[in-house]
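Notes follow the structure.
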Amino acid sequence: MTPENTGYPRRKPQLGDESRLWNWAQNATLAEKSAVSTPETEEELRAILTNSRGKIRVMGSRMSPGRMLKLAAAGDTLLDLQHLRGLLDITEDSATFAGGTPLHEVYEILTGVGRMLPSSPGVIAAQTLAGALATGTHGQGLQQSSIADEALNIRMVLADGSVQEFTRDHPSFSAVQLGLGSLGVVTQVTLRTKPSLVYTCFKNAVSADTLETDLLDWNHNYALSKAWWFPNENQVHVWAAREATEEETESYHDNNDDLLKQEETSDAMNDTVDQTLKHMRSDTKIVDENGKPFRTVTRFKDFSDVTGDVYQVFCRGIATPQINVEIGIPLARAAEVIRKIKEWHTETQPHMHYPIILRCTGPSTSWLSPAYQQDTCFFGFVVYYAEDGSLSEEGVAFLQAVEKVLAAEGGRPHWGKYFEAPLYNWPAIYPQWEAFRKVRDELDPQHKFENAFTAQLLD
């Protein structure tokens, strides 16, 4: 059962109150449905902002924790931008999309014209483009950073209803790239694109004994890399991808451009996966043997190398309600942090029902990006909700303890996931924190786009 004093709310599997809008995970109410406005054009959006006297938040796909989106008072407005979506313009090396476009549509449209973003995709693609920028959605690989780092131009409607364009040479661009929804409403984003590439991803199960050095090797030697660390079994499952050879690319095209799996498979992860499933089933009490949480790890059984485009290979997440904590650590200190987690794990033997996820990115230009100006390793931790909407007490205790370890190491949390804000000294870990607050005051002097959470965070 979820402890009552935790920052991780209980989930409501069955919603009884039809008058209120919930976030995607159904663990927080956002507003009365009557407070939702759904403009069909940018002009309608401008009119809403001009005439509104209350606070305003944009709900996107509602994937973020409820505190990021929640309204507080009568007269506040929650904006649904579902009509402001789609491709608006495309050039030889860029594409402009409406802010409300889901990422999967961005990827599908670009793939259809033989293009891709230079940034690797996040695990799932249900987020809106504007929401992905606002929270720092990122993929994996030191040759790229967040999706926001591929933005060339960002168009926003400000609190007074005016429209402003921010190009990369604008002095406030690095604030607007990742704005936490507190600067304005993003209606259009122009993104860099490049020709679609085909990758071959090699999958292996290795000992965690040398993870400190292996992690650096994988990320320096491959274009894209992601790892799942199972401390209880001292094992790591790693995906490392490079551009496909001509022969591999030809085989992929012969397969109708569908993800191509090699015939040779490995069962090296099967025992580890079975142990993990045992913990997950005990914690969640989910009866369905093929439930979504379980499928996130059963895919590691009998694994094989694959060839496909970047979205087919890495955008493979299975969206299921969870508490997800992800903390960015400077890559130069990742080995030291891994050693500390190993020591802490040995001493405490914490209960875990999911592996630690390791993804690295190159530096970001966004002032509030966890990867701002430095190669960064993101340490991800997941606890899935039980059938009744509760969370394992041991799982919650693990999340709280490991976040304290990483926060003490100067970690920066992913904005779109869960974190305990009091653990962080924001001005100390973000060199441009005050500069961001200044831009917020310039663009939204009345703080129209704040809610209780962002007000406490920024004020």
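The values are calculated or read from the model by the stated rules, or taken from the named source; none is laboratory data. Just so it is clear, the model here is predicted, and its values are computed rather than measured. Heads up, the Cβs are rebuilt from the backbone with ideal geometry, glycines too, and the neighbour counts pull from every protein chain shown. Surface accessibility is based on the protein's heavy atoms, side chains included, excluding ligands, DNA and RNA. Shrake-Rupley method; radii C 1.70, N 1.55, O 1.52, S 1.80 Å.
Figures for the structure shown
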{"read-out": "Heavy-atom surface of the chain, accessible at 1.4 Å and reported per residue (Å²)", "value": "41"}
{"read-out": "Kirkwood-Stokes translational diffusion coefficient of the range 169-219, alpha-carbon pairs, 25 °C, 0.890 mPa s, µm²/s", "value": "153"}
{"read-out": "Calculated P(r) of the range 91-248 - Cα pairs past 25 Å, %", "value": "40"}
{"read-out": "Simple label model, 7 Å out from Cα along Cβ direction - Ala47 to Ala435, nm", "value": "3.9"}
{"read-out": "Gyration tensor (Cα) of the range 1-124, equivalent ellipsoid semi-axes in angstrom", "value": "31, 22, 11"}
{"read-out": "13 Å beta-carbon shell around Gly411, net charge (K/R +1, D/E -1)", "value": "0"}
{"read-out": "Candidate residues His138, His104: accessible-area rank, largest first, probe 1.4 Å", "value": "His104, His138"}
{"read-out": "Structure-based [θ]222 nm, the chain - -39500 (n - 2.57) summed over DSSP H runs of at least 4, per residue, nearest 500", "value": "-8000 deg cm²/dmol"}
{"read-out": "Relative contact order [Cα under 8 Å, 6+ residues apart], the chain, whole percent", "value": "18"}
{"read-out": "Rounded if a/c under 1.5, otherwise prolate or oblate - the range 249-369, Cα gyration tensor axes", "value": "oblate"}
{"read-out": "From the C-alpha gyration tensor of the range 6-74, square roots of 5λ in Å", "value": "25, 12, 11"}
{"read-out": "Set of the range 120-154 residues, backbone N closer than 11 Å to the point 7 Å along the Cα-Cβ line of Glu442", "value": "none"}
{"read-out": "Computed lengthening from Thr111 to Asn290, 0.36 nm per intervening residue step minus Cα-Cα distance", "value": "61.4 nm"}
{"read-out": "Alpha carbon Rg of the range 196-267, scaled by the compact-globule rule 2.2 N^0.38 Å", "value": "1.26"}
{"read-out": "Rg/Rg_globular for the range 303-420, with Rg_globular taken as 2.2 N^0.38 Å and Rg from C-alpha atoms", "value": "1.14"}
{"read-out": "Heavy atoms of Thr346: accessible area, 1.4 Å probe, square angstrom to 10", "value": "100"}
{"read-out": "Segment Asn234-Asp209, extension gain: residue separation times 0.36 nm, minus the distance between their alpha carbons", "value": "8.3 nm"}
{"read-out": "Rounded percent of accessible protein surface that carbon and sulfur make up, the chain, 1.4 Å probe", "value": "47"}
{"read-out": "Radius 10 Å from Cβ of Gly141, net charge of other residues (Lys, Arg +1; Asp, Glu -1)", "value": "+2"}
{"read-out": "For the chain, size of Cβ-based charge dipole, Lys and Arg +1, Asp and Glu -1, in debye", "value": "1440"}
{"read-out": "Formal net charge of residues neighbouring Lys285 (Cβ-Cβ distance under 12 Å; K, R +1; D, E -1)", "value": "-3"}
{"read-out": "Whole-Å semi-axes of the chain's equivalent ellipsoid (Cα gyration tensor)", "value": "34, 27, 22"}
{"read-out": "Spatially proximal lysines relative to Lys342 (Cα-Cα < 17 Å; intrachain offsets below 8 disregarded)", "value": "Lys404"}
{"read-out": "Rounded accessible area of Tyr430 (nearest 10 Å², 1.4 Å probe)", "value": "0"}
{"read-out": "In nm, spacing of pseudo-spin labels at Trp344 and Glu264 (7 Å Cα→C-beta vector)", "value": "3.9"}
{"read-out": "The range 64-142 and the range 298-341: distance between their alpha carbon centers, rounded to Å", "value": "21"}
